[in-house]
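Student: Mind having a look at this structure? Questions to follow.
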């Protein structure tokens, strides 16, 4: 298989993945099992074609049980200001929790140390 064929296969795979996620979003309220099946198929297509799931869809899959999660329906989303501020997403099916860091502003001292590694304050 040459590069042109591989590129075509990946483009087709991405189109199918997007379509399956769209269908899953449409049917998740009436038939959650069918939505899970669509997501399972999309993941298999991505693995077979060696394509990464687009970031907007990657967050809709639980990292622990690999099922479809929708905020407010199958997962709980919370903002956590303690320690490092982050978004905590809890799957209501398996209880898996994963965190997405919220990038905050760095202090001037840390930014200066990062910019000039050898000249930072003691």
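Student: Which condition number does residue 58 fail, the rest of (1) free of Cβ contacts under 8 Å to residues at least 12 places away in the same chain; (2) surrounded by 14 or more Cβ atoms within 10 Å (Cβ to Cβ) being met?
Tutor: (2)
Student: Okay, moving on. Looking at residue 67, is it closer than 19 Å to residue 96 by Cα and touching a helix residue (DSSP H, G or I) at 6+ places or on another chain (Cβ under 6 Å)?
Tutor: Numbers: closer than 19 Å to residue 96 by Cα: yes; touching a helix residue (DSSP H, G or I) at 6+ places or on another chain (Cβ under 6 Å): yes.
Yes: the conditions hold for residue 67.
Student: Return the total of residues in the range 80-98 being more than 23 Å from residue 32 (Cα to Cα), surrounded by fewer than 15 Cβ atoms within 10 Å (Cβ to Cβ) and touching a residue at least 12 places away in the same chain (Cβ under 8 Å).
Tutor: Narrowing the range 80-98 to residues more than 23 Å from residue 32 (Cα to Cα): 80-87.
Restricting the remaining residues to those that are surrounded by fewer than 15 Cβ atoms within 10 Å (Cβ to Cβ) gives 80-85, 87.
Filter once more, so that each one left must be touching a residue at least 12 places away in the same chain (Cβ under 8 Å): 80, 84-85, 87.
Matching residues across the range 80-98 total 4.
Student: Answer yes if at least one residue in the range 6-20 is assigned to a helix (DSSP H, G or I), under 16 Å from residue 70 (Cα atoms) and modelled with pLDDT under 95, and no otherwise.
Tutor: no
The values are calculated or read from the model by the stated rules, or taken from the named source; none is laboratory data. Predicted model, so just to flag it, every value in this text is computed and none were measured. Neighbour counts are summed over all protein chains in view; Cβ atoms, including those assigned to glycine, are modelled from backbone coordinates with ideal geometry.
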